[in-house]
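The block underneath contains the structure these notes are about, expressed in structure tokens.
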Amino acid sequence: IYPSDHGANDEGIFLSEVYRGATATTKDFILRPKHGRAFFSEEGKPFATGVSNSIMLDGDQGGKVTMIVPAGNNLVLATARDTYAFTFGAEPLDTGGVAAAIRRGIGCIGNQSFAECNGFAYWLSDQGVARSNGQTVDIVSHSLRQIFVDREDPDYIVKRRSDGTAIDAYGAHHPARNQYLLAVRTRAGGQGANLVLAHNYLLDTWDILRVA
């Protein structure tokens, strides 16, 4: 999700490929998360969004959208507590504009923590690092569980008291090493991220890198 450079109040995610159709001369699209919906722009008009152009999460009862990321053939969206999916290529208005919940109780608490790695989405949840193929969600960081849940652990990932989201969490894909990288701020850290978790998704191993 990129900060808006065009005067909009919300951040947006720019899609590198046409979401639907191929007739527009301008191939840019923007999805803008706001409240419990993800608003999408009109084809060829990346800054033209309307109230009806939205994908709804939980009937507008869900929390703020914290993630929009591709996984498999689906677009995966999340609030801090739950994860949803919407099929790529589907016209939201044709399906009532509602995303289906694929995992309750696991959401995304870091709106810059997600990355797509070889068809899977990875991100930071309040229970650890989550992974999705667009249809299911599981936790892949069980061996590091204490840093996500034990507040007394010096490597505990710090969160905001107001909404439980991570203060600093940044995800990236390192394809040369087959790794999902997650930089976070821990209880023992100061300003900014001071710990990098590196998950090799082929070998299912973890490395921890400390930033001095």
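Among residues that are of a type in the set (D, E, K, R), farther than 24 Å from residue 57 by Cβ and in contact with a helix residue (DSSP H, G or I) (Cβ under 8 Å, 6 or more places away or on another chain), residue 155 is included.
Among the residues making up the stretch 113-139, those that are more than 17 Å from residue 73 (Cα to Cα) and in a strand (DSSP E or B) are 123, 124, 125, 128, 129, 130, 138, 139. Of the strands (runs of 3 or more DSSP E) lying entirely inside the stretch 140-212, those carrying at least 1 residues that are in contact with a His (Cβ under 9 Å, 6 or more places away or on another chain) are 179-184, 195-200, 205-210. Residue by residue through the stretch 180-195, note down the ones that are open to solvent by 30 Å² or more (accessible area, probe 1.4 Å) and among the aliphatic types (A, V, I, L, M). Listed by number, the residues that qualify are 181, 188, 193. Looking at this structure, is residue 150 open to solvent by 50 Å² or more (accessible area, probe 1.4 Å) and among the acidic types (Asp, Glu)? Judged against the criteria, residue 150 is a match.
Scoring residue 206 on the criteria (1) touching an Asp or Glu at 6+ places or on another chain (Cβ under 9 Å); (2) modelled with pLDDT of 95 or more; (3) not hydroxyl-bearing (Ser, Thr, Tyr) leaves a single failure, condition (1).
Conditions tested, residue by residue: (1) buried (at least 20 other Cβ atoms within 10 Å of the Cβ); (2) more than 11 Å from the chain's Cα centre (by Cα); (3) without any contact (Cβ under 8 Å) to a residue 60 or more places away in the chain.
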residue	(1), (2), (3)
77	yes, no, yes
127	no, yes, yes
135	no, yes, no
139	no, yes, yes
161	no, yes, yes
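The values are calculated or read from the model by the stated rules, or taken from the named source; none is laboratory data. These numbers were taken from a predicted model, which means no experiment stands behind them. Every residue, glycine as well, gets a Cβ built from its backbone with ideal geometry; the counts of neighbours run over all protein chains shown. The protein model used for the area step is the full one, side chains on, heavy atoms only, and it has no ligands, DNA or RNA in it. Shrake-Rupley method; radii C 1.70, N 1.55, O 1.52, S 1.80 Å.
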